[in-house]
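Values quoted throughout were computed directly from the atomic coordinates according to the rules given, and no laboratory measurement underlies them. Quick caveat, the model's predicted, so the values are computed rather than measured. No Cβ is skipped: glycine too gets one built from the backbone with ideal geometry, and neighbour counts run over all protein chains shown.
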């Protein structure tokens, strides 16, 4: 079964890693959010792509989920001593990636090609694609601090400002990166990873053409909200601030008619009935991935769950 | 006695460090070559400024003379693994400096102000000035590889290509950095450090206004050529390739009528007579600085030697 997964950062990366361990490499493509990308110190930083790739390469920091294991912070210490901004953590190894990515982008290489080359260097066999080679930038409209770029909101201000809306600047003019639409067309199932529906999955769906393609396929989402809370990050806080109850049901409604199936955590088992009533087939299981084994077990369950949906619909 | 020194990289930095240990901070200003500056990975790298500052701050690598002590190379290792260019050594701590300098330049801060701020962070008390805030770029015209930027010639090709000429692009349009002309006016003596006359001192003298100011002052140079060889770098090789005998005499003639005094090494003692005959007062001493003590001893001798020259000439 060919799966194309949509992923943001840490939560998405974990499920993708599980899927990569369970599926043959040719059967998995990951489309990654790049609307968190930003320029810092003149470097092009792609937080979600790096998290996904580091995780797949076995290089990720297992404690934080982002950044690299055995990272050092010499450059950052120097920047701090010189009075420079140190709110965004730039590890020394991480910097090597940002520097080389930025150099290649300046030389005119598209991001998708850079990601492909980096994945080859890191012996990543599954296909990782940025959602777009064009810049799309998430802006967070807040009640208290005006409009912030995502990393300012998320890292610099520790997602404390109250959210009112999101905009994905540049999305209208963007195109899916090479391979994205084909991966969706070739997929038997599209899996929406347990990533933030607003700011991780939202931007992917905002790239013209992607949502239309996904509508042709059975889509299964894994809830990033468990017991009313996000495993990591501001998803639950965002739902609250936007006047919605942070729950698995809310996530299922968020994706609405895109979904054929929905996977929610055992702690939310009581919500499965309501989801089923809306015509979405639900699966209740342990969705929290604390260990590599958790990732593989959940991935195997996702695949088993997906088997019930009708396979690939070929375009006429 | 107020000294303004002209310096390039390692050799210049060592003598400047010696002078800084012997003179009160207010009596020493260093004007540093910036024509080796270049853009690499989008970073503005200032090799000579960094070497001078690291040396004055006690942060320099005592073995190489350039770069920082206890440096690590995590970012560079990652870049190499990703197939990026690794011919120019970017240490992790060094990267912190390049990143913060580049960030500030992009924000519109002039290089001279950045250097001042960095020196304050590093508790450097003597005044360090870039020769200019405008870009001046040394190009090396070679017989075998065409025209190369200095770092390509020096680091990437290990100064193997044969030199035919140098150009200092942008020099004509450049201005001395704020404080440079004043430091020269206020100096009792201008000391030309044992730096490469072609590519370290040459660009400083090529900035319009600097040479005219220096002409008003007694100038003492320390020979970077000892026993027909450069202590470090390509100075002797350059003289040879340009058809000149690499010797202390050749260096003295190179600076010509700028010089009031010239300091050459004991191994070249037999050349002192010829230099004296040209009207330049010579001093023969140990000029090789292997230890911090060597730097201070040579600095003390330079100052003692300089005492004989008429002090500051006030402009009418």
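Observations
- Here residue A:211 yields copy-to-copy label distances, from shortest upward, of 6.7 nm, the label point defined as 7 Å from Cα along Cα to C-beta.
- At an R0 of 22 angstrom, the distance between the Cβ atoms of residue B:270 and residue B:244 translates into a FRET efficiency of 0.75.
- Once the Cα atoms are used to define both axes, helix A:92-106 deviates from the longest principal axis of chain A by about 90 degrees.
- Cα-based Kirkwood hydrodynamic radius, chain B, one decimal, Å: 19.7
- Label distances, nm, residue B:291 versus same residue in remaining copies, Cβ-directed 7 Å point: 6.0
- Descending semi-axes in Å of segment B:12-157, equivalent ellipsoid built from Cα gyration tensor: 25, 18, 16
- Calculated FRET efficiency for the pair residue A:57/residue B:80, C-beta based, R₀ 25 Å, to 0.05: 0.95
- Pseudo-label separations to other copies for residue A:253 - Cα-to-Cβ vector, 7 Å, nm: 9.1
- In the protein assembly as shown, helices alone account for a calculated mean residue ellipticity at 222 nm of -10000 deg cm²/dmol, with every DSSP H run of four or more residues adding -39,500 (n - 2.57).
- Working note: Cα gyration tensor of segment B:221-316, eigenvalues times five, square-rooted, sorted largest first, giving semi-axes of 22, 18, 12 Å.
- Between 0 and 90 degrees, the angle of helix A:10-22 with respect to the longest Cα principal axis of chain A falls at about 60 degrees.
- Per-selection Kirkwood Rh - segment B:263-316 (Cα, Å, 1 d.p.): 12.6
- Share of Cα-Cα pairs in the protein assembly as shown lying beyond 31 Å, as whole percent: 58
- Residues B:205, A:28, A:82, sorted so that the one with the fewest Cβ neighbours within 10 Å comes first: B:205, A:82, A:28
- For chain B, the longest principal axis of the alpha carbon atoms and the long axis of helix B:292-306 meet at an angle near 40°.
- For segment B:143-266: rounded, prolate or oblate by the Cα gyration tensor [a/c cutoff 1.5]: oblate
- Computing FRET efficiency as 1/(1 + (r/R0)^6) for residue B:2 and residue A:147, where r is the C-beta to C-beta distance and R0 is 51 Å, gives about 0.45.
- Distance between the pseudo-spin-label points of residue B:157 and residue A:39 (7 Å out from Cα toward the beta carbon): 3.3 nm.
- Here the label points at residue A:215 and residue A:300, each 7 Å from Cα along the C-beta direction, are separated by 3.8 nm in the simple model.
- For the pair residue A:167 and residue B:293, label points projected 7 Å from Cα toward Cβ lie 6.9 nm apart.
- Cα centroid separation, segment A:70-99 to segment A:128-192 (Å): 25
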